[in-house]
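Reviewing the structure listed below.
No value in this document is a laboratory result; all are computed from the given coordinates. Treat the numbers as computed from the prediction; the structure is a model and nothing was measured. Ideal geometry is used to build each Cβ from the backbone, glycine not excepted, and the neighbour counts take in all protein chains shown.
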Protein chains: 2
Amino acid sequence: MASNLVASGPKPVIQHTKNDLQASCSAKLRSVPSQGAQKASCLKLKRSSFVASDAQLRSTLQRSCPKAVKAFTVSAAAAAESKAEEKGIEKEEMIEAAPSSLLREEADATGMRASFEKMIREAQDSICAAIEEIDGTKFHEDAWTRPGGGGGISRVMQNGNVFEKAGINVSVVYGTMPQEAYRAATGTAEKGEGKSTEQGKAGRIPFFAAGISSVMHPKNPKAPTVHFNYRYFETDSQMEGGPRGWWFGGGTDLTPSYLFTEDAQHFHGTLKDTCDKHDEAFYPRFKTWCDEYFYNQHRGERRGIGGVFFDDMNDRDPEELLAFATDMANSVVPAYCPLVVKHKDDEFTETEKEWQQIRRGRYVEFNLVYDRGTTFGLKTGGRIESILMSLPLTARWEYDQVPEEGSEEEKLLEACRNPPDDWFAL
Amino acid sequence: MASNLVASGPKPVIQHTKNDLQASCSAKLRSVPSQGAQKASCLKLKRSSFVASDAQLRSTLQRSCPKAVKAFTVSAAAAAESKAEEKGIEKEEMIEAAPSSLLREEADATGMRASFEKMIREAQDSICAAIEEIDGTKFHEDAWTRPGGGGGISRVMQNGNVFEKAGINVSVVYGTMPQEAYRAATGTAEKGEGKSTEQGKAGRIPFFAAGISSVMHPKNPKAPTVHFNYRYFETDSQMEGGPRGWWFGGGTDLTPSYLFTEDAQHFHGTLKDTCDKHDEAFYPRFKTWCDEYFYNQHRGERRGIGGVFFDDMNDRDPEELLAFATDMANSVVPAYCPLVVKHKDDEFTETEKEWQQIRRGRYVEFNLVYDRGTTFGLKTGGRIESILMSLPLTARWEYDQVPEEGSEEEKLLEACRNPPDDWFAL
């Protein structure tokens with residue numbers, strides 16, 4: 001695998017133009033770089049140019065293009081096989097403290113890469129501060145790097161006063177995607193072009209990805225769980241005619257065990273207000289997308305009551321989209337924190353706690369069975385503890401548990417099965 | 001989908017010969033029949049000829065043939081998509097009491113289908129009786145049928161005196177597999193034969209499957225969890241030159257939270273003795289196969305300390321293999337029950353209980369991420385409660401939990417990471 005393209009190639013100059021739209025499908029592809037090869041070719045990089053933990057950001061690269069998903073599936077399976085053959089996965093290297101930048105080279109210190117990293121680092125700081133204030137305890141921080149490029153910072157709070165488990169990760173990934181994935185995404189494979197020739201096998205397409213992701217599970221069953229994730233992606237190629245793409249994606253969604261309509265309206269309303277500042281078409285579109293993505297198909301129910309989810313966003317000026325992603329990340333605290341403050345000291349029964357635990361079981365089911373970031377991260381060798389940080393501290397599976405008719409538990413379930421088209425019309 | 005082949009075609013006559021070996025790879029394919037079509041074409045069947053719950057037995061059809069796995073993946077994904085388009089999955093029909101036979105037609109009342117069903121029904125009865133005697137409480141029984149053929153019986157014990165959760169399922173499935181899956185398995189697709197012509201699309205290959213599967217999770221962290229599954233499979237075709245195969249598969253494996261070498265030796269020893277009666281080559285081969293299958297790749301550890309696992313068994317007289325499967329199912333009680341009796345009243349600390357809960361989390365990870373039967377069952381619309389019966393009542397995920405060096409917890413983990421080649425040499 002020619003991952004030296006990633007390690008030592010010049011930083012591609014990304015021209016954000018409307019022509020990029022066509023290339024954007026390929027941006028959702030991702031590769032599983034040979035970490036061994038990366039290690040060898042990256043030793044010349046400075047230790048301080050912290051590199052790749054691709055685990056966390058695998059979730060960012062696989063959202064919306066069916067062709068890309070198919071190609072990725074094949075390539076991930078092949079990579080997993082190859083890793084298994086290698087007898088072991090290259091471990092991330094833990095470092096003492098988070099570096100000032102997770103970017104690799106000085107050339108990345110300006111432009112969108114730097115702007116986006118700055119945004120997610122600041123969001124991590126401000127959201128952690130808000131959660132620490134509510135909980136009264138501090139996050140534990142782990143930072144790591146990989147020989148091949150990129151890096152990450154996990155902040156985790158476990159068994160706090162208010163939160164059972166809360167984690168906020170940021171990470172930066174430098175990787176490459178295989179030619180096959182590019183061809184599948186662009187349709188050249190179907191036309192019979194570019195079959196597995198030597199040339200085709202050798203060339204891999206570099207990408208850059210950066211993102212923040214978080215899940216927070218409070219203890220009180222009346223206080224909801226929140227998840228959010230914002231990410232930026234670039235793809236480029238040294239080859240003539242290679243793909244050159246970029247896109248933004250992300251979302252924020254709520255998973256309560258008990259439904260309070262006014263809480264749902266506050267949460268959705270805050271997200272809607274933020275969306276509306278940028279484009280009034282955003283909220284309706286991203287609300288529906290969210291309901292579709294977080295779907296536990298085997299249960300016939302959503303993981304929670306949704307929020308917003310978007311991907312493949314490159315149809316306007318990148319600075320506008322950065323501003324949108326920034327506002328969305330900054331809306332997590334006003335959308336979510338008041339709900340936790342409101343319910344953290346609510347009284348509850350043992351039955352209500354058990355229902356919360358059953359809902360946590362469904363959360364585990366979604367994340368392990370359907371969530372693309374989680375499943376690919378697990379199968380291809382990411383930093384497991386950061387990927388699985390999203391799982392609750394505890395969960396429960398009762399055989400054939402069915403809520404009583406007309407109960408509060410059934411009311412929540414109904415909202416997960418048939419989410420209202422308009423939360424504000426209730 | 002021509003599922004009328006299943007519903008109304010004559011029972012295929014299975015000739016068990018060594019020539020079947022060649023066809024056996026195709027036997028590991030499975031189809032996701034159009035339940036709607038089955039319903040329409042099966043209405044003429046007597047209600048008492050209980051039909052298809054394919055959920056439980058999906059686990060039986062996907063074990064060992066890589067080509068088949070790939071073809072199945074594609075077909076399952078397509079089927080899931082088509083189901084999603086149908087807006088809802090046909091529900092199994094619950095019935096008042098378990099019928100005397102789950103087989104569909106009188107023609108199935110003799111031969112291997114009947115013999116195998118008799119064996120698994122008797123095993124369900126005898127193992128349930130042994131567990132009830134230890135626990136002091138009774139299993140709850142649910143029986144069901146589907147319009148399209150087959151049926152199942154789930155027995156579940158939850159929050160008993162000794163067992164946190166225990167379940168034993170039997171099920172019988174009549175289904176069809178798509179031509180594409182057959183072609184992929186036999187390699188005709190690669191040779192460019194039988195491409196998606198009208199003829200190729202219309203013909204589907206019928207199969208029959210029957211099996212027993214079980215997971216039992218005790219409360220006491222010193223008492224181990226056991227899983228077992230035994231199954232029989234047939235495939236046939238009305239078309240000239242179509243596949244005609246049959247095979248046996250199964251296994252029994254142990255998942256302790258604490259390792260007691262003498263317990264591991266008793267468990268493996270009982271299984272080995274049973275294997276040795278039939279073929280001294282069985283135990284070493286099936287022990288290794290078990291360690292390979294129950295592997296949580298992202299953790300770099302097995303789910304537990306193994307046992308035996310085998311599949312694709314059709315290289316000797318089917319009566320011999322039935323006798324082997326019968327002996328294996330009957331060895332569950334002597335292999336496992338003494339260990340529960342020994343440890344069910346052991347003293348334990350809160351830390352030991354938490355460690356058990358963490359190991360239960362790993363169990364959930366394996367079943368939801370890797371276990372083929374579970375993941376396909378979930379994605380293609382089986383009886384969810386029977387599929388997920390295998391999950392523990394409760395589980396736990398702590399961030400970056402690492403056992404202390406030299407602790408009992410680390411000792412267990414080491415056995416899961418590097419299982420001894422020979423348990424009896426310890």
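For B:L259, nonlocal amide neighbours, meaning residues 5 or more places apart or on other chains whose placed amide H falls under 5 Å from its own, are B:L412. In the assembly of identical copies, B:T351 has its label point, taken 7 Å from Cα in the direction of the beta carbon, separated from the corresponding points by 3.8 nm (ascending, one decimal).
Separation of the stretch A:348-426 and the stretch B:344-358, taken as the distance between their Cα centroids, equals 26 angstrom. Each residue in B:D312, A:D346 was given a count of other beta-carbon atoms within 10 angstrom of its own, and listing them fewest first yields A:D346, B:D312.
Using a/c under 1.5 as the rounded threshold, could you call the stretch B:271-363 rounded, prolate or oblate? The axes a ≥ b ≥ c are square roots of the C-alpha gyration tensor eigenvalues, and prolate needs a/b larger than b/c, oblate otherwise. Since a/c reaches 1.5 but b/c is at least a/b, the shape of the stretch B:271-363 is classed as oblate. A simple count of charges around B:V156, restricted to other residues whose Cβ falls under 13 Å of its Cβ and scoring Lys, Arg +1 and Asp, Glu -1, yields -4.
Taking 30 Å as the cut-off for C-alpha to C-alpha distance, list the pairs among A:K287/A:K411; A:K165/B:K219; A:K222/B:K138 that go past it. From A:K287/A:K411; A:K165/B:K219; A:K222/B:K138, over 30 Å: A:K222/B:K138. Residue and distance for the chain B Cβ closest to the axis that moves B onto A, in whole Å, come to B:L368, 2.
Cα centroid separation, the stretch B:276-316 to the stretch A:97-143: 46 Å. Net charge of the neighbourhood of A:C275, taken over other residues with C-beta under 11 Å away and scored Lys/Arg +1, Asp/Glu -1, is -1. Run through the other copies and list how far each one's label point is from that of A:T110, in nm with one decimal, shortest first; the point sits 7 Å from Cα along Cα-Cβ. The answer, with the shortest distance listed first, is 8.8 nm. Remark: the Cα gyration tensor places the stretch B:250-310 in the oblate category, a/c being 1.5 or greater and a/b not exceeding b/c.
Charged neighbours of A:I127, selected by a Cβ distance under 13 Å, balance to -3 (K, R count +1; D, E count -1).
In nanometers and ordered shortest first, the copy-to-copy spacing of the B:E319 label point, defined 7 Å from Cα toward Cβ, is 8.5.
In order along the stretch B:308-314, the phi-based Karplus estimate (6.51 cos²θ - 1.76 cosθ + 1.60, θ = phi - 60°) of 3J(HN,Hα) comes to 10, 8, 9, 7, 6, 8, 8 Hz; Gly and Pro are listed as x. Under 13 Å of direct C-alpha separation, and excluding same-chain neighbours fewer than eight residues apart, B:K118 reaches these aspartates and glutamates: B:D108. Counting neighbouring beta carbons within 10 Å and listing from fewest to most, the residues A:Y336, B:Y283 come out as B:Y283, A:Y336.
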